[in-house]
Amino acid sequence: MNSTQIKCFISVGQTHNFSKTAKELFLTQPSVSKNIHNLENEIATKLVINKNRTITLTPAGQYFYNQINELNYKLNEIINNTQKFQIDFEHTITIGYSGIPFEQKYLPVFIERMNKKHQWHIKLKRFSLAREKVNEQLDNSKIDFMLYQYDFFDNTRYDFFPIFKAGFSVIIRNNDPLIKEKKVTISQLKNRNIYLWDGKTPLKSISTLKRNIIKRLNINLNSIKIINQASLARIIVSSKTGTAIVPSFVYDYENEDLSYKLLDYNPTITYGIGYLNSQKNKDYYNNVVKEMSNSINLIRKKWK
């Protein structure tokens, strides 16, 4: 029993006509007849009655048709699921991201380029850096790459591909006196309620900035409040609660009520892709870092 015999029999069971089956399966009518005859010989059972050019199924043929049609449907389902499994298992790359406005602009471009040029399936997983332990997701290979800043991956288990450098920005209301400044100095933040963004996992770059602010303004450690969400920083400023400082790549260019002024502070932050050391050996690694860099640089040109 082969697949052609099964296809011919199922089709004849539906069309009740050898000519229609031949046309449907791109076979000749004698070929259809021969396949049906061979199937009957193989299972030693009469399945089809051809009388006066009218095709009917015998009772045994009708039973066989019902059962084999169901099995054939199940087989096709298994084949489709197996193919899907292969795509998901072998070609899916999971990338973690925090959901900052800039990422929402360039990630669709990146996905499109990866799908069209390399046929890699990209799965995005958004994380709340204030709540979830991203490093555990990387360690357990639940994500392949994470978009974040360099000092988060300051561990021998991880490697990092840098894409661009950024500084820090001060978020202010549009009627704030600092709106006239091209850059805001730390000294100009004196006597303000300062909120400093940091991830749940403390970052060295943020700790260094905090120490610098405390030293220059001659204030105590508790005078600077740490927040874990960039969205909260915008709410704080909008509500006149205080002034917030965030990495410049967190810039929300669509918020017309607030302004982002560069902080006059020399150390920079490197934004890019972090991953386990073993990822560098994967065949998709070069595609990911190349297309991610190209997509980010393309959107950065429009970044105002």
- Calculated over segment 163-275: convex hull of Cα atoms, volume per residue (Å³): 110
- Query: Measuring from a point 7 Å past the Cα of Asn193 along Cα-to-C-beta, which residues in segment 226-244 have an amide N at less than 17 Å?
  - Reply: 226-229, 231-244
- Roll a 1.4 Å probe over the protein chains and send me the accessible area per residue for the chain in Å². 57
- Extension gain Lys133-Asn277, at 0.36 nm per residue separation less the Cα-Cα distance, in nm? 50.0 nm
- Note on the structure: Counting Lys and Arg as +1 and Asp and Glu as -1 over every other residue whose Cβ sits under 11 Å from the Cβ of Gln104, the net charge comes to -1
- Query: Applying 1/(1 + (r/R0)^6) with R0 = 30 Å to the Cβ-Cβ distance of Gln104 and Asp264, what FRET efficiency is obtained, to the nearest 0.05?
  - Reply: 0.60
- Message: On a full-extension model of 0.36 nm per residue, what is the gain between Glu256 and His121, subtracting their alpha-carbon distance, rounded to one decimal in nm?
- Response: 45.0 nm
- Query: Cα centroid distance between segment 101-160 and segment 7-77, in Å?
  - Reply: 53
- Query: So which GluC sites (Glu not before Pro) in segment 212-304 are both in a DSSP loop and have at most 15 other Cβ atoms within 10 Å of their Cβ?
  - Reply: Glu254, Glu256
- Note on the structure: A student applying the Cα gyration tensor rule (rounded when a/c is under 1.5; otherwise prolate if a/b is larger than b/c, oblate if not) would label the chain prolate
- Accessible area of segment 110-211 belonging to carbon and sulfur atoms, whole % at 1.4 Å probe: 46
- Note on the structure: Residue by residue through segment 263-272, the couplings from Karplus 6.51 cos²θ - 1.76 cosθ + 1.60 with θ = phi - 60°, in Hz, x for Gly and Pro, are 7, 6, 8, 5, x, 10, 10, 9, 9, x
- Query: How long are the three semi-axes of the equivalent ellipsoid for segment 91-236, computed from the Cα gyration tensor as the root of 5 times each eigenvalue, in whole Å, largest first?
  - Reply: 34, 19, 13
- Expressed to two decimals, segment 1-114 has a Cα Rg over Rh, using the Kirkwood radius, of 1.34
- Note on the structure: One finds, for Ser223 and Arg300 with R0 = 35 angstrom and r their Cβ-Cβ distance, a FRET efficiency to the nearest 0.05 of 0.50
- Cβ-derived FRET efficiency at R0 45 Å, Ile78 paired with Lys182, nearest 0.05: 0.10
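The values are calculated or read from the model by the stated rules, or taken from the named source; none is laboratory data. Quick caveat, the model's predicted, so the values are computed rather than measured. Because the Cβ atoms are built from the backbone with ideal geometry, glycine has one as well, and the counts that use them run over all protein chains shown. Note: accessible area is taken over every heavy atom of the protein model, side chains too, but ligands, DNA and RNA are not part of it. Shrake-Rupley method; radii C 1.70, N 1.55, O 1.52, S 1.80 Å.
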